[in-house]
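Just below is one structure, and these are the notes that go with it.
The values are calculated or read from the model by the stated rules, or taken from the named source; none is laboratory data. Computed from a prediction, not measured in an experiment: that's the story for all the values here. Neighbour counts run over all protein chains shown; Cβ positions are idealised from the backbone, glycine included. Accessible surface areas use protein heavy atoms only, side chains included; no ligands, DNA or RNA. Shrake-Rupley method; radii C 1.70, N 1.55, O 1.52, S 1.80 Å.
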Amino acid sequence: MKKHNFYAGPSILSEFTIKNTADAVLNFNGTGLSILEISHRSKEFQAVIDEANALIKELLDIPQGYEVLFLGGGASTQFCMVPFNLLKKKAAYLDTGVWASKAIKEAKLFGEVEVVASSKDANYTFVPKDYTVPADADYFHITTNNTIYGTELREDPNVAVPLVADMSSDIFSRRIDVSKYDAIYAGAQKNLAPSGVTLVIVKEDALGKVDRAIPTMLDYRTHVSKGSMFNTPPCLPIYSALQTLKWYKAQGGIDALEKLDKEKAARLYDAIDNSKIFVGTAKAEDRSIMNVCFVMRPEYAELDKQFIEFAGERGIVGIKGHRSVGGFRASLYNAMPMESVQVLIDTMKDFENKL
């Protein structure tokens, strides 16, 4: 039975990425060696990281003066690397969910943090909009997509200070004005590659401005100067990322990906809005097109488990909501085909009709 993978991360990858990565595990680029054992110092792997770097710059239209890095430690390590490198006195943060709050916690270790707005009191069901970013902030940090609660910022904020963004779960799903940002970071395991590598895009001019000593491995300049090769990089996820980037380009690039992503989300939200038993959890104007979160209406709440089992019989996996909120979550990352979205919609309707 075909599986329809709605997991939030690690999550669905294109068949192109999976097949090419599997082939490289057996024989990487005709070397007779596995990608698992090839030296990261070899010319063959250097070509991989160079091509991945170039494709990211092409797809995201990254201007001169920015470096693309492939680092370990996940986005969670970036929660401290960002303020370590960029926070001189004060930073501003927008609190839109669990991951934003974790980033805030780490930043407070390095200086003053002003939380300009939060939707915590409303269980993060919307993205705050009426706030003021202090003009003396070293940067303003946003989390563009909130996987647990299903909200998303789909435009770059217009603020008078540099931006920093955690784009772990929606990078490559829309056009970004990179010139507005000092740093963008993204764990790969949602829209790029298997877990194990973190993409960082950092403005070179923003570095070297803090007075504190920065440990070597946590200094962006270390990795910029060594081309992400200061220590052994996560070779397999980087190779997989390259395959995804090739696939993205072949699909027509960011604009084509965004168009399809919007169509997938619109179709699923329409099914939820027209259902008698399901209801969305995020405010309509802030709904994520990457993570569609919904629940049973209160009078049907005891049917959660039955629906997940019913969906499983159709090959649907990964729709159980995050343990902190319950309900359901369908993650519609770039590699998710419309066919799978339609299977989920049909399954929801069939389950409702049998009640």
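Of note:
- Residues being assigned to a loop (DSSP other than H, G, I, E, B) and either open to solvent by 10 Å² or more (accessible area, probe 1.4 Å) or on the phi > 0 side of the Ramachandran plot (or both) - total across segment 60-70: 5
Residue by residue, here is whether (1) over 20 Å from the mean Cα position of the chain (by Cα); (2) open to solvent by 70 Å² or more (accessible area, probe 1.4 Å) holds:
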| residue | (1), (2) |
| --- | --- |
| 236 | no, no |
| 244 | no, no |
| 255 | no, yes |
| 270 | yes, yes |
| 277 | yes, no |
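- Residue that is farthest from residue 325 (Cα to Cα), among those in segment 105-148 that are assigned to a helix (DSSP H, G or I) and touching a residue at least 12 places away in the same chain (Cβ under 8 Å): 107
- Members of segment 182-214 that are surrounded by fewer than 24 Cβ atoms within 10 Å (Cβ to Cβ), on the phi < 0 side of the Ramachandran plot and free of Cβ contacts under 8 Å to residues at least 24 places away in the same chain: 213
- Options 43, 2, 57; residue that is of a type in the set (D, E, K, R), loosely packed, with under 14 Cβ neighbours inside 10 Å and without any contact (Cβ under 8 Å) to a residue 60 or more places away in the chain: 43
- Qualifying residue in segment 305-318 (condition: under 20 Å from residue 192 (Cα atoms) and not in a strand (DSSP E or B)): yes
- Residue list for segment 258-268, filter: in contact with a Ser or Thr (Cβ under 7 Å, 6 or more places away or on another chain) and open to solvent by 10 Å² or more (accessible area, probe 1.4 Å): 258
- Checklist (1) assigned to a helix (DSSP H, G or I); (2) open to solvent by 10 Å² or more (accessible area, probe 1.4 Å) applied to residue 158, failing item: (1)
- Across segment 285-305, the number of residues qualifying as open to solvent by 70 Å² or more (accessible area, probe 1.4 Å) and without any contact (Cβ under 8 Å) to a residue 12 or more places away in the chain comes to 4.
- Verdict on residue 82 being among the β-branched types (Val, Ile, Thr), surrounded by 17 or more Cβ atoms within 10 Å (Cβ to Cβ), within 30 Å of residue 49 (Cα to Cα) and out of contact with any Lys or Arg (no Cβ under 9 Å at 6 or more places or on another chain): yes
- Residue in segment 164-174 that is assigned to a strand (DSSP E or B), open to solvent by less than 10 Å² (accessible area, probe 1.4 Å) and within 19 Å of residue 246 (Cβ to Cβ) present: no
- Segment 269-290, residues that are part of a helix (DSSP H, G or I) and under 20 Å from residue 306 (Cβ atoms): 271, 272
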